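This report refers to the structure that appears directly beneath it.
No value in this document is a laboratory result; all are computed from the given coordinates. The structure displayed is predicted, hence computed values, not measured ones. Glycine gets a Cβ as well: all are built from the backbone with ideal geometry, and neighbour counts include every protein chain shown.
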Amino acid sequence: MQVKRSQLQQAVEQGLLEPQQLEPLWRFLSAQNQHVPRFQASHVLYYLGGLIALAAMSLFITLGWERFGGWGLAGIALAYGSGSLWLGRLLLGRQLALPAGILLALAVSLTPLAVYGVQHALGWWAGDVPYRDYHQLIDWRWMMMEPATLACGVVLLWRYRLPFIMLPVAVTLWYMSMDLAPYLAGLEHADWTLSRLVSIYFGLLMLGLAFWVDVRSGRQPDFAFWLYLFGGLAFWGGLSLLDSDSELGKFGYLCVNLLLIACGTALARRVLAVLGGLGVAMYLGHLAYSVFRDSLLFPLALSLLGLAVVACGVWWQRREAALRQRLHALLPPPLRQLLTDLAD
């Protein structure tokens, strides 16, 4: 729970806190939360600049870069990555953890370019697919670049323990799952149906890993955020793209999205709740425009259902403390501690 200065001022006015304690307490809380991402100008600039730099050296690499040759690309990647690593360590020494994490993530994201350059220079790459397609095409030949990126990310994450390094790690895991699937299936190129199934199963695995990280490390710092984000997108995206002519299958899709909302609410992970809400909206849209297209009663029934959900919310709020205590008693101690920390 984030405490505002105005709340401390109210505590002073109500006699719960001595006036002379307000400033020291506020400075202590501010120092404790200085590395927690918040919606403020400095943090917005950190993330905006970092994402621009990450995109520039990954998504926006053009064919013109191929003229440098393999060793040239590897040298540029190593020089740029070393500079990012040095500057990140410098910022970390000055207690600027957020920009330091972004620069270290940039160093990790340059690993594929360095490996590609070495492969190209040694003649291990046919050259028919340029590096810019790494972020666009599914191809098993990227597999040498992805483990190297993961290894670099794991080493820097272990050494510096900065959550933003998980961004390139999570993206690389996603890429690896999509590139590995056609290779294991003996296909030269990815099959659309196979890709969707792989996305679903890999998303579930990544969500499971994110939950494990959540239970083991907690939220300070939040190492599981990027795993939840990309795992949720992979699972929900693959599930939403599956074709089904069965109304029972579509109802199952609704149930899965309701479960996502419940899990997102219980774990305080907004991305899961948002994806689940989008899925519920898509299912209701299917009912409105396909199943009950000409029904006069459907809007009325749907509005009554919405009011029933609101009534459930009122019922839950009145009994929340007792229900939470009963549910927590059924959970294993690590998960119970995590949910207790989230409620505080």
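Compute the length gained on full extension between Q325 and A268: take 0.36 nm times their separation in residues and subtract their Cα-Cα distance, giving the result in nm to one decimal.
Here the segment from Q325 to A268 would lengthen by 18.8 nm.
When all alpha-carbon pairs of segment 200-293 are counted, what percent fall beyond 16 Å?
Across segment 200-293, Cα pairs with separations above 16 Å total 55 percent.
Net charge around C263, counting only other residues with Cβ within less than 12 Å of its Cβ (Lys, Arg = +1; Asp, Glu = -1)?
That sum, taken over residues with Cβ under 12 Å, equals +1.
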